[in-house]
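Below is one structure, written out as structure tokens; the observations come after it.
No value in this document is a laboratory result; all are computed from the given coordinates. Predicted, not measured: the structure shown is a model, and the values here were computed from it. Backbone-built Cβ (ideal geometry, glycine too); neighbour counts: all protein chains shown.
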Amino acid sequence: MELRQLAALVSVAREGSFTRAADQLSLTQSAVTRQIAALEVETHSRLFDRLGRSIVLTSAGQLLLKYAQEMLRLDSEALHAREDVRSGAGGKLAVGSSSTAAAYLLPPLLQQYRRERPGVDLSVLTGPSTRVAEMTSNNEVDVGLLMDEPTASGLKSIKDAEYTIALIVYADHPLIRAAEQRKALELDEFADLPLILMQSGASLRRSVDQLLGQSRQGQNISMELDNVEAIKKMIEAHLGVSLLPIMAVKDEISAGALVALPINSPKPSKPSIVIVHREDKYVSGAMHAFIDLIRKRLPDAVD
């Protein structure tokens, strides 16, 4: 049973004429007649009665007509769905993101994506960058957003935006006056201060260790926490200072609760936010639209 045969059945039933159905389908009358005959052979039933010049459905034809209409509707719907997936207007998209990127960068970007692609079924999974890279490699998510380069193999990575790490202090910290007198603080100026850092293994911690270079061995690390929000609260409570991306403290800086001080490192570097997906991954329209949005908007959201 072929869709073109079902289309012929629906057309003849609607038009009440093989000739008009043929015109409507852009076929010859004999072609329509053959398609109906093939259906009758396959269903072992007469589908139309010829009553003089009138053509009417038999009871078997009426029963098959309901299924034919539904099958043609589903076929049309499937065609539209495939086109939606291809164009990015529909389909599914699973995004993996580091916790830092998810908290401080993604919300406005996802808001815009949902506004532009309301038909896409969007889901987000978060975790450390290493876990997000693993999820992407295992095809648990379609695309990942990391705070540094992935170590997993088989991933295509796109460096999208660099971000700045600064010394974050509470609003009345003595170092603020010292920083106002020069462009950047030297590492030894806060070597004795209690540092509150992300726990070892986190991508942000690796970036901080790289920034500190050999001097990190002499730093006074008083706390290691697993999320940036907790670190900020500890700083506000005057329990220490930290090295954090400026993008993560914009609200607190605007509110006057925290201050970001530039530092001078012997190994100056700006870590990158990286978009990753499997090298062999088919880039659907929805996925392409997401990557394109991130690449266009993310640089403006950082720093």
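So how do Ser207, Ser45 line up by other beta-carbon neighbours within 10 Å, fewest first?
Taking fewest neighbouring Cβ atoms as first place, the list is Ser45, Ser207.
Set Lys and Arg Cβ to +1 and Asp and Glu Cβ to -1, take the dipole of the range 3-87 about its Cα centre, and tell me which of Gly52, Ala68, Val10 lies farthest positive.
Looking along the dipole axis, the top candidate is Gly52.
Give the shape of the range 64-146 as rounded, prolate or oblate, defined through the alpha-carbon gyration tensor: a ≥ b ≥ c are the square roots of its eigenvalues, a/c under 1.5 means rounded, and otherwise the shape is prolate if a/b is larger than b/c and oblate if not.
Because a/c hits 1.5 or more and a/b exceeds b/c, the range 64-146 counts as prolate.
Just round it to a whole percent: the fraction of Cα-Cα distances in the range 3-87 exceeding 16 Å.
53 percent
Just to confirm my numbers, what's the Cα centroid distance between the range 18-41 and the range 166-181 in Å?
84 Å
Which distance in Å, rounded to a whole number, links the C-alpha centroids of the range 276-296 and the range 64-119?
Cα centroid to Cα centroid, the span is 14 Å.
Evaluate the distance, in nm, between pseudo-label points positioned 7 Å from the Cα of Arg86 and of Asp251 along their respective Cα→Cβ axes.
A separation of 4.3 nm, rounded to one decimal place.
At 30 angstrom or more along the helix axis (alpha-carbon based) and mean Kyte-Doolittle of 0.0 or higher, what helices does the chain contain? Whole DSSP H runs only.
Membrane-span-like by this rule: not one helix.
With runs of 4+ DSSP H residues as the only contributors, calculate the mean residue ellipticity of the chain at 222 nm using -39,500 (n - 2.57) per run, divided by the residue total and rounded to the nearest 500.
Rounded to the nearest 500, it is -14000 deg cm²/dmol.
Along the range 153-165, what does the Karplus equation 6.51 cos²θ - 1.76 cosθ + 1.60 (θ = phi - 60°) give for ³J(HN,Hα), rounded to whole Hz, x for Gly and Pro?
Calculated HN-Hα couplings, in order: 8, x, 10, 8, 10, 10, 5, 10, 7, 8, 10, 9, 9 Hz.
Relative to the present Cα-Cα distance, how much length would full extension add between Val124 and Thr19 at 0.36 nm per residue of separation?
Taking Val124 through Thr19 to full extension adds about 32.3 nm, to one decimal.
Taking the Cα atoms of the chain alone, what are Rg (to one decimal) and Dmax (as a whole number) in Å?
31.6, 104
Give me the extension gain from Ala38 to Gln210: residue separation times 0.36 nm, minus the current Cα-Cα distance, reported in nm with one decimal.
Using 0.36 nm per residue and subtracting the Cα-Cα distance, I get 54.5 nm.
Can you pick out the pairs among Lys156/Lys233; Lys270/Lys296; Lys250/Lys296; Lys156/Lys250 whose Cα atoms lie more than 26 Å from each other?
The answer is Lys156/Lys233; Lys156/Lys250.
Once Lys and Arg get +1 and Asp and Glu get -1 on their Cβ, which of Leu125, Ala78, Ser242 lies farthest toward the positive end of the dipole of the chain?
Final value for the positive-end residue is Ala78.
Just order 239-249, 145-155 by mean Cβ neighbour count inside 10 Å, highest at the front, would you?
So the peptides 239-249, 145-155, ranked by packing, come out 239-249, 145-155.
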